[in-house]
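What follows is a set of notes on a single structure, which appears directly below.
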Amino acid sequence: MGENTTASRGVLGRARGFVAGRPATQKVGGGVAAALLASAPFGGLASTPEPGPEPLRLDQPIMVGPYKVVIDQVVEIPDLAPAVKPEPPERLLLLDAEVTLTGDRPEYAVTLTQNLHVAGGDVEVSTQPELYFVEDGTQPRSFNPGITYRLAITWTTSGGWQGDTAEVSADLVEFREEDRATLNPNAWVGRDEILWQGTLPVVRRS
């Protein structure tokens, strides 16, 4: 990714040219067990809380189903003309990212876009992002395996982003194997559960 640093870190350098728990074997001693039983009505035997999402950071590979995603930066920008030109006061918030499809078969882009989210900024944010190739501003609908793509993962916002950070999250996406009971076998399915989450700095460009 170093080769993109001098070019204003990826998509920004070309924005106008886009123009782009406790182990199962753990045992409790008799005295401790008795104390826990005695305190059970007051929460002594409360279940261990579920672990939270994995931390998401810049330049860290995360998996969104079959997609390996590395976010270089989060950017707020007026437009990515001529690919995207929202009407003021709307603006764009985008993840400047490298995306690689792992596995051995093509996959639809919707598997990625349905499971990435941004929040914050005291503005309304479009429900689902759009994807744009940095090189030519076109929109991919599917991806081939083993190729790393430079993408602008882009949401439209109702106005200027407020604050210096954005909450970025990715859902757990699991592979559903062929089964007579499933309507969509051999497919990647989002589980509506946050797997990755982090507060990332926002870079503003006018």
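Descriptive notes on the structure:
- The stretch 66-82, subset more than 21 Å from GLU124 (Cα to Cα) and at pLDDT below 95, residue least open to solvent (accessible area, probe 1.4 Å): ALA81
- Against the test of being closer than 18 Å to ILE62 by Cβ, open to solvent by 20 Å² or more (accessible area, probe 1.4 Å) and small (Gly, Ala, Ser), the options GLY190, GLY160 yield a single qualifying residue, GLY190.
- Of the residues making up the stretch 97-111, those that are buried (at least 18 other Cβ atoms within 10 Å of the Cβ) and out of contact with any Leu (no Cβ under 7 Å at 6 or more places or on another chain) are GLU98, LEU101, THR111.
- Any hit, the stretch 127-142, residues being closer than 20 Å to LEU80 by Cβ, basic (Lys, Arg) and surrounded by fewer than 18 Cβ atoms within 10 Å (Cβ to Cβ): yes
- Residue ranges of strands (runs of 3 or more DSSP E) in the stretch 83-202 with at least 2 members at pLDDT 95 or above and of a type in the set (Asp, Glu): 91-101, 165-176
The values are calculated or read from the model by the stated rules, or taken from the named source; none is laboratory data. The shown structure was predicted, so the numbers you read here are calculated from the model rather than taken from an experiment. Neighbour counts are summed over all protein chains in view; Cβ atoms, including those assigned to glycine, are modelled from backbone coordinates with ideal geometry. The accessibility values were calculated without ligands, DNA or RNA, using every heavy atom of the protein model including side chains. Shrake-Rupley method; radii C 1.70, N 1.55, O 1.52, S 1.80 Å.
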